[in-house]
Amino acid sequence: MIRRNNEEQEEERLLFRHFSHEHPLEVACDDSSRPESDRVTCVGCGIHLLPRKAYYTCRTCDFSLHRPCYNMPRKVHHPADPGHDLVLHLSTSFACKGCGNPGSGFSYHCGICLQSYHILCSALPLSTSHYSHPHVLKLEFSPPNYDGLEGFCCDICKNPGSDHWLYRCGTCEFDVHLHCAISNGQGHQSQTQETN
């Protein structure tokens, strides 16, 4: 039996495994002197890593995850698809059922409905406040139906809505795009998902 030296044992202890990548990952810290265009991007969510924040990276290839994506639960329950588990996948391309935008990286996927959701969409609060409306806005998973017409006009930006998620006050029929509600909201949040 060959004994490994202390350096090899220490190096092995500092390596981590993640289901989404075949190589071991190690903890690194982004150099704050890099220009923003050269900063490391998280493969899971596509967001540039913040300077001086630890992240997981692969020595073999160009793969990095920031801690929140590394620690995302593998399976969640979400009220948008209440009867099924949503499983975390790494995808090269998908269309998000929540916002309608294309995505790549991590998504929560329902293998029964064959629907995918951005991880950031799946983490949206179930309700939020907005300074332009006195009531709480609730996350709706389909647009309202006004006299047989599907769709809505955003009461903040006045642009038409799509057939995707929105925030809404049902009492006042106040309808808001996801990004309009969140970017200008005051942040009342409810539980968004259950983790297995």
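The values are calculated or read from the model by the stated rules, or taken from the named source; none is laboratory data. A quick note: this is a predicted structure, and the numbers were derived from the prediction, not measured. Neighbour counts run over all protein chains shown; Cβ positions are idealised from the backbone, glycine included. For the accessible areas, the whole protein counts, side chains as well, though only heavy atoms, and no ligand, DNA or RNA atoms are used. Shrake-Rupley method; radii C 1.70, N 1.55, O 1.52, S 1.80 Å.
General observations
- Pairs of C-alpha atoms in the range 9-153 farther apart than 28 Å represent 34 percent of all such pairs.
- Label point 7 Å beyond Cα of Cys29 along Cβ direction - residues of the range 48-77 with amide nitrogen under 18 Å: 49-58, 65-68
- Heavy-atom accessible area per residue - the range 56-137, 1.4 Å, Å²: 48
- The range 33-132: chymotrypsin sites (Phe, Trp or Tyr not before Pro) falling in loop per DSSP and having at most 14 other Cβ within 10 Å: Tyr131
- In plain terms, if you count all Cα to Cα distances in the range 87-137 and split them into 5 Å steps from zero, the share in each step is 5, 21, 25, 18, 10, 10, 8, 4, 0 percent.
- Here Lys158 is the anchor, and the lysines within straight C-alpha reach of less than 27 Å, apart from those fewer than 8 places off in the same chain, are Lys97, Lys138.
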